[in-house]
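Contents: one structure, followed by commentary.
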Amino acid sequence: NNLQKTAEFLGHGVLFFLDQGPIDPDSIYTPQFRTILNRKPNLSAKLRRFVHRVEKQREAYLALQEASSEPGISFTPPNLSDQTNGPQIVRDWLNLSTANNFRLCREKIEEKGVLVFLSNGYNGKWQIPKEEPVLGFSLYHASYPIIVVKKESEQRQLFTLMHELAHLIIHKVSWVDDEDDLESYSEQEQEASSLAGVYSYQTRC
């Protein structure tokens with residue numbers, strides 16, 4: 001029982017401890033997970049397990065996609081080398097009007113080959129812990145990258161969604177953001193917030 005509890009705490013099955021082969025760190029933690037951990041080394045064990053859960057959902061989705069006759073969606077983000085027109089370029093890419101809500105924006109982003117998760121507002125395996133200041137994170141993959149948004153007010157969710165999308169499009173790297181990050185003056189956070197702010201505050205998307 002103790003071994004099982006330890007395995008669950010670490011996000012693995014009991015057989016993980018019975019494997020006599022050498023441990024391959026790359027097979028335990030994905031590059032996306034390690035990138036997020038490097039940015040926020042003090043993430044709680046609960047949140048780390050949540051990230052693992054999200055990654056497993058992507059793996060399950062890809063397996064279903066492979067077994068299906070439906071063609072997959074290619075993630076081909078627009079070129080934002082000229083960030084002056086970035087908001088309009090992204091709006092055209094997503095085919096958005098000037099008055100949308102979180103649900104519609106999420107659908108448009110998913111149509112472009114991004115998996116979007118909104119965490120539960122109640123306790124459970126799919127909630128970003130309330131004690132965590134993390135508002136969202138993104139896991140960059142060349143195909144089917146992931147955006148996770150913490151359940152908050154509609155306006156906050158919308159800003160976080162577009163902020164994480166900006167990281168995927170502009171920086172092409174996994175990212176995790178808490179409340180301080182969204183107000184940070186670092187170049188990368190400013191770039192993401194600049195694009196997200198146009199959608200969230202000026203046009204409500």
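Only the coordinates and a few stated rules stand behind these numbers; no lab work does. Everything numeric in this text was worked out from a predicted model, so none of it was measured. Backbone-built Cβ (ideal geometry, glycine too); neighbour counts: all protein chains shown.
Which ones in region 143-161 are without any contact (Cβ under 8 Å) to a residue 60 or more places away in the chain and aliphatic (A, V, I, L, M)? Break it down stepwise before answering.
So the first thing to find is which residues in region 143-161 are without any contact (Cβ under 8 Å) to a residue 60 or more places away in the chain, and the list is 147, 149-161.
Selection gives Ile147, Val149, Leu158, Leu161.
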Residues of region 34-52 satisfying the condition of being assigned to a helix (DSSP H, G or I), surrounded by 14 or more Cβ atoms within 10 Å (Cβ to Cβ) and touching a residue at least 12 places away in the same chain (Cβ under 8 Å): Thr35, Ile36, Arg39, Lys46, Leu47, Arg48, Arg49, Phe50, Val51, His52
Matching helices (runs of 4 or more DSSP H) fully within region 107-205 where at least 3 residues are within 19 Å of Val51 (Cα to Cα): 154-166
